[in-house]
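Engineer: Sharing a structure, written as structure tokens. Questions coming.
The values are calculated or read from the model by the stated rules, or taken from the named source; none is laboratory data. All values reported here derive from a predicted model rather than from experimental measurement. Counting neighbours? That spans all protein chains shown, and the Cβs are built from the backbone with ideal geometry, glycine included. The accessibility values were calculated without ligands, DNA or RNA, using every heavy atom of the protein model including side chains. Shrake-Rupley method; radii C 1.70, N 1.55, O 1.52, S 1.80 Å.
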Amino acid sequence: MPDVVFSVDQAKSMRDQAVPGHNRWHPDVPVAVMVRPGQQIRVECREWTDAQIGNNDSANDVRDVDLTRAHMLSGPIGVEGAEPGDLLVVDILDLGPVQAPQEYGDAPGQGWGYTGVFAKANGGGFLTDYFPDAYKAIWDFAGQVATSRHLPGVRYTGITHPGLFGTAPSAELLERWNRRERALIDKDPNRVPPLALPPLEQNALGGTAAGSEAQAIARDGARTVPARENGGNHDIKNFTRGSRVFYPVHVRDAKLSGGDLHFSQGDGEITFCGAIEMGGFIDFHIDLIKGGMEAYGVTTNPVFMPGNVEPRYSEFMTFIGISVDRETDENYYLDATVAYRRACLNAVEYLKKFGYSGEQAYLLLGSAPIEGRVSGIVDIPNACCSLYLPTAIFDFDVKPSAAGPVRQDRGQCAVTS
């Protein structure tokens, strides 16, 4: 059993834990615990919104979620001997939903999780112009398998992974983040959803920091939504058991933090809250490569070796998209984002022929272990992206045939009132 170095009471907010976590990136967030290279540790995590979402049949909680509180991160975990320029070597030994004696309860991860479509006015998602309202699907866990009363006819094995882990930024790196993201916001300051999220004092949590230190973290700390040079919110579904991650170290002790655990997710997490979100635990083995950033040229972003523990699907329905906006008939030059969006929309339209609503199909593509690929970015003017949907996750034949699709009543996902 690894050493439990950060524990969470799932009945309490992250603010009210014996040792609170944090929800901003800042070099001065105090270390919660020190570990040594070679140590095996367990970190318990709160669901990323601090359990604002309930196991019910209404999406009002997704519509009204307060994103100033996210992401709730466990840590920081200090590593003895870590210095700027080193590489922190993190092996993911195991991870999963909340364990006994807290395995059942009202918080996501206690036997269940959820997938949400955020309203356009409150975060949005990849297809927010097509699905501007909030929706939700609740998933029940049975071992490694997830099923949902809101998406009948589907069951699959999750590629369980952390959406977010990273090291603390240096003061100089934090200043660069804030400067460049502010410049991006200034290009269209009234955009909904915004182009980026600047520092925000409201609901900022800086671990055990107090007084002027806590004020500085709230004033200048970076929001946790994007991936950055320190790691952060990568949302890579293959970042699962058996993975080895090499994180750049920017501050003394490295200060590793993370959370946002997912039971499953499709490539792209297209609904923004598109994974099956949960609290739970993650076990790590920690080590260091002294001077590793320069030695291996890993100076801008982490690198990782994916684990080999994942479901093996051998048959897929694959949907293709190109960088053309079908609504306006505008051609974009080698734009992979436009192409992948079109691949997703083509998959949504296909699934609707079997009785799913567009919203149900959107939720499915965000949470199921789909594979998204950049298939071509050299053949001007059209980038080509593809979306691989495993056929085995359905309990009916989803492949085309001369008989045509069998349309059935698939119920509905949770909607807002």
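Engineer: Criterion first (of a type in the set (Lys, Arg) and touching a Cys at 6+ places or on another chain (Cβ under 7 Å)) does Lys136 satisfy it?
Structural biologist: yes
Engineer: Right, something else. Considering only segment 171-199, state which residues are open to solvent by less than 30 Å² (accessible area, probe 1.4 Å), in contact (Cβ under 8 Å) with a residue 40 or more places away in the chain and of a type in the set (A, V, I, L, M, F, W, C).
Structural biologist: Of everything in segment 171-199, those that are open to solvent by less than 30 Å² (accessible area, probe 1.4 Å), in contact (Cβ under 8 Å) with a residue 40 or more places away in the chain and of a type in the set (A, V, I, L, M, F, W, C) turn out to be Leu173, Leu174, Trp177.
Engineer: Phe354: buried (at least 18 other Cβ atoms within 10 Å of the Cβ) and over 22 Å from the mean Cα position of the chain (by Cα), yes or no?
Structural biologist: no
Quick grid of which residues meet (1) aromatic (Phe, Trp, Tyr); (2) in contact with a helix residue (DSSP H, G or I) (Cβ under 9 Å, 6 or more places away or on another chain); (3) closer than 14 Å to Thr318 by Cα; (4) free of Cβ contacts under 8 Å to residues at least 40 places away in the same chain:
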{"position": "Ala339", "(1), (2), (3), (4)": "no, no, yes, no"}
{"position": "Cys344", "(1), (2), (3), (4)": "no, yes, yes, no"}
{"position": "Lys353", "(1), (2), (3), (4)": "no, no, no, no"}
{"position": "Tyr356", "(1), (2), (3), (4)": "yes, yes, no, no"}
{"position": "Pro369", "(1), (2), (3), (4)": "no, yes, yes, no"}
{"position": "Pro381", "(1), (2), (3), (4)": "no, no, no, no"}
{"position": "Asp397", "(1), (2), (3), (4)": "no, yes, no, yes"}
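Engineer: Looking only at segment 219-234, count how many residues are of a type in the set (Gly, Ala, Ser) and surrounded by fewer than 21 Cβ atoms within 10 Å (Cβ to Cβ).
Structural biologist: Residues in segment 219-234 being of a type in the set (Gly, Ala, Ser) and surrounded by fewer than 21 Cβ atoms within 10 Å (Cβ to Cβ): 1 in total.
Engineer: Right, another one. Could you look through segment 376-403, keep only residues that are among the small types (Gly, Ala, Ser) and within 30 Å of Val145 (Cβ to Cβ), and pick out the one that is nearest to the chain's Cα centre (by Cα)?
Structural biologist: Ser386
Engineer: May I pose another question? Farther than 30 Å from Met305 by Cα and modelled with pLDDT of 95 or more: is that true of Ala134 in this structure?
Structural biologist: Answer is yes for this residue.
Engineer: Here's something else I'd like to know. Kindly provide the set of residues from segment 333-345 that are more than 17 Å from Thr128 (Cβ to Cβ) and exposed (fewer than 15 other Cβ atoms within 10 Å of the Cβ), ordered by number.
Structural biologist: Answer for segment 333-345, where residues must be more than 17 Å from Thr128 (Cβ to Cβ) and exposed (fewer than 15 other Cβ atoms within 10 Å of the Cβ): just Tyr333.
Engineer: Kindly indicate which of Ala216, Ala168 is buried (at least 16 other Cβ atoms within 10 Å of the Cβ) and farther than 30 Å from Lys120 by Cα.
Structural biologist: Ala168
Engineer: Right, another one. In segment 382-392, how many are crowded, with 19+ Cβ neighbours inside 10 Å and either at positive phi or hydrophobic (A, V, I, L, M, F, W, C) (or both)?
Structural biologist: Counting residues in segment 382-392 that are crowded, with 19+ Cβ neighbours inside 10 Å and either at positive phi or hydrophobic (A, V, I, L, M, F, W, C) (or both) gives 5.
Engineer: Now for a separate question. What's the total number of residues in segment 94-129 that are under 24 Å from Gly221 (Cα atoms), open to solvent by 50 Å² or more (accessible area, probe 1.4 Å) and not hydrophobic (A, V, I, L, M, F, W, C)?
Structural biologist: Total satisfying the criteria: 0.
Engineer: Now, a different point. Please specify each residue of segment 239-260 satisfying the condition of being over 21 Å from Arg63 (Cα atoms) and under 12 Å from the mean Cα position of the chain (by Cα).
Structural biologist: Phe239, Gly258, Gly259 - these are the residues of segment 239-260 that are over 21 Å from Arg63 (Cα atoms) and under 12 Å from the mean Cα position of the chain (by Cα).
Engineer: If you check Asp133 against the conditions, is it over 30 Å from Gly85 (Cα atoms), outside any strand (DSSP E or B), without any contact (Cβ under 8 Å) to a residue 12 or more places away in the chain and not polar (S, T, N, Q)?
Structural biologist: Considered against the rule, which asks whether it is over 30 Å from Gly85 (Cα atoms), outside any strand (DSSP E or B), without any contact (Cβ under 8 Å) to a residue 12 or more places away in the chain and not polar (S, T, N, Q), Asp133 comes out as no.
Engineer: If I ask for residues that are open to solvent by 80 Å² or more (accessible area, probe 1.4 Å) and in contact (Cβ under 8 Å) with a residue 24 or more places away in the chain, which ones from segment 317-332 would you list?
Structural biologist: Across segment 317-332, the qualifying residues are Ile320, Asn331.
Engineer: Please enumerate the residues belonging to segment 257-316 that are open to solvent by 10 Å² or more (accessible area, probe 1.4 Å), in a strand (DSSP E or B) and modelled with pLDDT under 90.
Structural biologist: Phe272
Engineer: How many residues, within segment 130-150, are more than 13 Å from Ala361 (Cα to Cα) and open to solvent by 20 Å² or more (accessible area, probe 1.4 Å)?
Structural biologist: Count: 10.
Engineer: Could you check, for segment 370-381, whether at least one of its residues is outside any strand (DSSP E or B) and surrounded by 19 or more Cβ atoms within 10 Å (Cβ to Cβ)?
Structural biologist: Yes, because at least one residue in segment 370-381 is outside any strand (DSSP E or B) and surrounded by 19 or more Cβ atoms within 10 Å (Cβ to Cβ).
Engineer: Another one. Please pick out the residue among Val31, Val43, Val19, Val89 that is touching a residue at least 60 places away in the same chain (Cβ under 8 Å) and closer than 13 Å to Ala168 by Cα.
Structural biologist: Only one candidate passes the filter, namely Val31.
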